[in-house]
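Each remark here refers to the structure printed beneath this line.
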Amino acid sequence: MVLLSSPGVATRPESASHGVLGLSIEEAVRGSGVAWTILRPGNFDSNTYAWAPSVRAERTVAAPFADVALPAVDPGDIAGVAAAALREDGHAGQIYELTGPAPVTPREQAAAIGAALGEPIRFVEQTPDQARAQMLTFMPADVVETTLAILGAPTPAERRVSPDVERVLGRAPRRYADWARANIAAFR
């Protein structure tokens, strides 16, 4: 079996939402008696779909921590690693941290969407309180607080680019700009 977990199991073990819960699920999988592979992707490229309505309406992106870079990962790369783990030998008992090829900031992500559209995107940096209020409309409070901590003050491990996508797929992970171009219809 392949479990989609969180890097927070290792980087934020004290967090109820990212560490404690994730670890308990991972332990259940490891103890199941079934061959397992655990995937720990962090910041998904597709999280920026949340910006699509404001990009379509106003060509604007609002996000906190404009210049804090994290290595976002293409969901297609996550799926590719999961498929390899299910179809190929050698992945049982492995834990893969999945990232893109380089850290990218929210400001850079907005610029990549703009480049794919062929139009500039205005970036508005939210305060942490503004981001918190927005996130609380669709996330539980403990998830919001840990997410804001990761976005605003990532640990060195959360900033690290992992070699695991390339190791499993035999190619470099896709860049955020590639994801933006491939998914630009959502932002038109």
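The values are calculated or read from the model by the stated rules, or taken from the named source; none is laboratory data. On a predicted model such as this, the values are computed, not experimentally measured, just so you know. Neighbour counts run over all protein chains shown; Cβ positions are idealised from the backbone, glycine included. With ligands, DNA and RNA removed, areas are computed over all heavy atoms of the protein, side chains included. Shrake-Rupley method; radii C 1.70, N 1.55, O 1.52, S 1.80 Å.
Ala52 label point, 7 Å along Cα→Cβ, cut-off 19 Å on backbone N: hits in the stretch 134-155?
Correct set: 135, 138-139.
What dipole magnitude, in Debye to the nearest 20, does the stretch 142-188 give about its Cα centre under +1 on Lys/Arg Cβ and -1 on Asp/Glu Cβ?
Result for the stretch 142-188 is approximately 400 debye, rounded to the nearest 20.
For Ala102, project a label point 7 Å along Cα to C-beta. Then give me every residue of the stretch 138-176 with its amide nitrogen under 14 Å of that point.
Hits in the stretch 138-176 for Ala102 at 14 Å: 161, 173-176.
Report the Cα centroid-to-centroid distance between the stretch 115-170 and the stretch 23-91 in angstrom, as an integer.
Answer, in whole Å: 11.
Strictly greater than 25 Å: what percent of every Cα pair in the chain meets that?
Percentage above 25 Å: 38.
If you put +1 on each Lys and Arg Cβ and -1 on each Asp and Glu Cβ, how big is the dipole of the chain around its Cα centre, in Debye rounded to 20?
Roughly 420 debye, rounded to the nearest 20.
Which FRET efficiency, nearest 0.05, do Met1 and Ala141 yield, Cβ-Cβ r, R0 35 Å?
0.70
Using a probe radius of 1.4 Å on heavy atoms only, what accessible surface per residue do you get for the chain? Whole Å² is fine.
Here the per-residue accessible area is 49 Å².
Within 10 Å of each candidate Cβ there may be at most 15 other Cβ atoms; applying that plus a DSSP loop requirement, which trypsin sites (Lys or Arg not before Pro) in the stretch 53-128 survive?
none
If you take every residue apart from Ile95 with its C-beta less than 11 Å away from the C-beta of Ile95, what net charge results, scoring Lys and Arg +1 and Asp and Glu -1?
-1
How many percent of the accessible area of the stretch 1-78 is carbon or sulfur, using a 1.4 Å probe?
Ligands and nucleic acids excluded, carbon and sulfur reach 61 percent.
Within 10 Å, count the other beta carbons around each residue, average over each peptide in 173-186, 27-40, and list them highest first.
173-186, 27-40
How much accessible area does Val9 have with a 1.4 Å probe, in Å² rounded to the nearest 10?
10 Å²
For Leu4, Leu117, what's the largest-to-smallest order of accessible area, 1.4 Å probe?
Sorted by accessible area, descending: Leu4, Leu117.
Can you list which of the GluC sites (Glu not before Pro) found in the stretch 81-188 are DSSP loop residues with at most 10 other C-beta atoms within 10 Å?
Glu88
Return a whole-number percent for the relative contact order of the stretch 30-148, with Cα pairs under 8 Å and 6 or more residues apart as the contact set.
About 34 percent, as a whole number.
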